[in-house]
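See below for the structure under consideration.
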Amino acid sequence: MTTTSGVSSQAVNTAATNNAAGAASLNQNYQTFLTLLTTQLQNQDPLSPIDTSQFTQQLVSFSEVEQQINTNTNLQNLLAMQNTSQAIAALPLVGQTINYSGNSAPLANGQASFSYTLPTDAASATLTVKNSSGAVVYSGAAQTKAGTYSFNWDGTTSGGGTAPDGDYTLTVQATDAGGNTITPTITASGKVDGVSVVNNTATFNVGGVPVPMVNFISVQSSQSSSSSSS
């Protein structure tokens, strides 16, 4: 996603393009129908004229399709405007650190911040951090008691090196005493660099990580110190 501190018009342009194509197709079909209708009228048998009610029904059907396309156009434009308005309303959050639902966060200035919640006690639990290519760069023990825990990763890899800044993903593998999988809830945090509309969705750009605004949880009042503990 292109980083921007403003609002993208991608959604509006996409809606306009799709509906222009639909309208053009309908107009072409409508003109073809009128040509066929005129030809039929010119060549009909005077002793057995074509039932005009059929033409009327077809004209009404085309009119209904045209109205439906116009309705869809208006709805899509309204949706695009709503998403754009939502992105504009979120502009004051640029530069702020937010908490959001998701397991991807940027590593910046030696810190990537996550939080995970175990719904029940686990017999074993492991934290795994992967880079944007899907390669494991860090793995370590996680908490096993039910509850919510912070995981502030400082970029230290399992091999003792330092991972470069970028987008990283946290997974938590946990099982109970019976070997059954426990599914934790993961959230992340990061500084908002910009807002935009991506694929018709109002989106935060958090250090290069696209975060749909529906995943927004809260704004942090202060940045926590970084560590690689859980």
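The values are calculated or read from the model by the stated rules, or taken from the named source; none is laboratory data. Computed from a prediction, not measured in an experiment: that's the story for all the values here. Please note that ligands, DNA and RNA were not included when accessible areas were found on the heavy atoms of the full protein model with its side chains. Shrake-Rupley method; radii C 1.70, N 1.55, O 1.52, S 1.80 Å.
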(Q) Which order do you get for SER85, SER115 if you rank them by accessible area with a 1.4 Å probe, largest at the top? (A) SER85, SER115
Q. How much of the accessible area of the range 184-225, in percent, comes from carbon and sulfur atoms when a 1.4 Å probe is used?
A. 50
Q | Average accessible area per residue (Å²) across the range 153-220 - probe 1.4 Å, nucleic acids and ligands excluded | A | 44
